[in-house]
1. Roll a 1.4 angstrom probe over the protein heavy atoms and tell me the percent of accessible area of the stretch 42-97 that is carbon or sulfur.
2. Report, to the nearest whole %, how much of the accessible area of the stretch 138-194 belongs to carbon and sulfur atoms, 1.4 Å probe, protein only.
3. When you have a sec, figure out the Kirkwood radius of the stretch 59-200 from all distinct Cα pair distances and drop it here in Å to one decimal?
4. Which order do the peptides 195-205, 135-145 come out in when sorted by mean C-beta neighbours inside 10 angstrom, highest first?
5. For the chain, what does the accessible surface come to per residue with a 1.4 Å probe? Please give it in Å².
6. Return the distance in nm (one decimal) between the two label points of a simple spin-label model at ALA90 and SER128, each offset 7 Å from Cα along Cα→Cβ.
7. Give me the percent relative contact order of the stretch 46-152, please, defined on Cα pairs under 8 angstrom at least 6 residues apart.
8. My understanding is that a pair violates if its Cα-Cα distance is over 18 Å; which of LYS71/LYS103; LYS71/LYS187; LYS132/LYS187; LYS11/LYS207; LYS71/LYS93; LYS94/LYS132 do that in this structure?
Amino acid sequence: MNGNKIKQELKIPRHIAIIMDGNGRWAKKRLMPRSYGHKQGMERMIGLLDHAYDLGVKYVTVYALSTENLKRPQAELDGLYDLIRTRFTAAMKKVCARGVRLKIIGDISLLPKDVQTIVKDAEADTESFSGKGLNVALCYGARQEIVRAAKEAVAAGEEITEESLSARLYTAGQPDPDLIIRTGKEKRLSNFLLYQSAYAELYFSDK
């Protein structure tokens, strides 16, 4: 079935958000280090993004590293940071070559300095792009995002309303996700896009 036929038969979401879970457990089952699972997860993510944009999805948000993940063993975190150092720039260039604007959401000040530079540079390279978007959530927590937005609104002397909060979320100017997908068998949102997911459909995969 070709892409045009699929588009005609399916209602394509404008915005899909993905909780990439289970990569470490997948690797452990295969007697491989968790970092191997994260690497494979990134490769699958790139293919998935290509497919989503081909189908007509305009925005994709991927949950790559939560604030809670920062409590994991240092060796696992170092593996994730090394993956960003070695693969992130090339991966984002491949995905964004079709005009996708990259946005990093989360408190990246918690990342190592060189990793911060890598993700900021990749984001800056796509500043002029529009029409499609990719949000990569790094050191992200939805509760922290909401508190941050509320503090900014108060500091600006504004009343706290849905509009004033929405305008200060990391995803300001983007449609809320229509669909949230979580892999890895767990059935929870894990502090991901709590404000934006109010009307999203949820899909939990056993894979």
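1. Answer for the stretch 42-97 is 56 percent, counting heavy atoms of protein chains only.
2. Whole-percent figure for carbon plus sulfur exposure: 52.
3. Taking the inverse mean of 1/r over all distinct Cα pairs, the stretch 59-200 comes out at 16.2 Å.
4. Answer by packing, highest mean first, reads 135-145, 195-205.
5. Each residue of the chain exposes 56 Å² on average to a 1.4 Å probe.
6. According to this spin-label approximation, the distance is 2.6 nm.
7. 41 percent.
8. Too far apart for the 18 Å limit: LYS71/LYS103; LYS71/LYS187; LYS132/LYS187; LYS11/LYS207; LYS71/LYS93.
The values are calculated or read from the model by the stated rules, or taken from the named source; none is laboratory data. Since we're looking at a predicted model, the values are computed, not measured. Ideal geometry is used to build each Cβ from the backbone, glycine not excepted, and the neighbour counts take in all protein chains shown. What goes into the accessible areas is simple: the full protein's heavy atoms, side chains included, and nothing from ligands, DNA or RNA. Shrake-Rupley method; radii C 1.70, N 1.55, O 1.52, S 1.80 Å.
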